1. Within the range 40-61, how many residues turn out to be touching a helix residue (DSSP H, G or I) at 6+ places or on another chain (Cβ under 8 Å) and under 12 Å from MET152 (Cβ atoms)?
2. Which residue, of VAL214, VAL151, is surrounded by 15 or more Cβ atoms within 10 Å (Cβ to Cβ), of a type in the set (A, V, I, L, M, F, W, C) and out of contact with any Leu (no Cβ under 8 Å at 6 or more places or on another chain)?
3. Regarding the range 15-35, can at least one residue be identified that is modelled with pLDDT under 85, assigned to a strand (DSSP E or B) and not aromatic (Phe, Trp, Tyr)?
4. Among (1) over 13 Å from GLY145 (Cβ atoms); (2) buried (at least 17 other Cβ atoms within 10 Å of the Cβ), where does LEU187 come up short?
5. Out of the residues in the range 190-203 meeting the condition of being of a type in the set (D, E, K, R) and closer than 20 Å to PHE22 by Cα, tell me which one is surrounded by the fewest Cβ atoms within 10 Å (Cβ to Cβ).
6. Quick one: would you say THR88 is touching a Phe, Trp or Tyr at 6+ places or on another chain (Cβ under 8 Å), among the polar types (S, T, N, Q) and at pLDDT below 95?
7. So, of the residues in the range 17-42 that are touching a strand residue (DSSP E or B) at 6+ places or on another chain (Cβ under 8 Å) and among the aliphatic types (A, V, I, L, M), which turns out to be surrounded by the fewest Cβ atoms within 10 Å (Cβ to Cβ)?
8. Select from the range 154-208 the residues that are within 14 Å of ASN135 (Cβ to Cβ) and among the basic types (Lys, Arg) and list them in ascending order.
Amino acid sequence: MGRLTKHGSSSALRRALFPDGFAGEVMNLIHDTWQTFTMHRTVRHEEPITALLADELVNEYEKRGWPWFIIPEVPVTDATFGTQLARTDIRFFHRDFKQRISFVVECKRLHVRTDSGFKHLADEYVDEGLLRFANSRYAEGLPCGGMVGYVMDNEVDKAFNRVKTEILQKLPALKMKNAQALRHPSLVLKGRPHSADTAHQRKDGNFLVHHLLVGVRSRTGS
């Protein structure tokens, strides 16, 4: 198994984690699990949705007999001062890898209706999620990560197009070379229309983010 260095991951680690490998297994597990995932109609905020989804993912990979473990809400700490910089939503570890080697998934809501009106939140998806991967705050030293967008009104086509537009408007900040750095659909989520990959040129190496948007309304239970 490849080791991590301050300059990024080794070639052996890259082969193990992407373009398919563990990263593809995680993203497809999220997609497949969501197809039967239900929650109470009052669950409308990001944190409880993610907590419930993480529990369901644990149940599903245990059924499959996969040697994983999942830790939700993992703090990201400044290596010098020990202060908390952020929190990642779900971190997946494969028991065959060292504990430092993980696949980080960040989750964001999209198309939210509030008392003040409708908010698409594609800007927050990019600025408070994807940008943190691009600037190495999330998944430092690793080759890839994932993002899941909860489309709260189930208008997934509209939300997906808005997210793509938002990404293309911020290519320099996201350390993306050009529009070709956004690929649709994702290579690891073959045939999934609401998936994409974005390639980022970070200081610690080239980094790939796998994106998946899922609709919420049709999954809401009573």
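1. 1
2. After applying the criteria, what remains is VAL214.
3. No.
4. Every condition holds for LEU187 apart from (2).
5. Here the answer is LYS190.
6. So THR88 passes the test.
7. Ranking the qualifying residues of the range 17-42, first place goes to MET39.
8. Residues satisfying the conditions are LYS170, LYS175, ARG202, LYS203.
The values are calculated or read from the model by the stated rules, or taken from the named source; none is laboratory data. This one's a predicted model, so the numbers in the text were calculated from it and none came from an experiment. Neighbour counts are summed over all protein chains in view; Cβ atoms, including those assigned to glycine, are modelled from backbone coordinates with ideal geometry.
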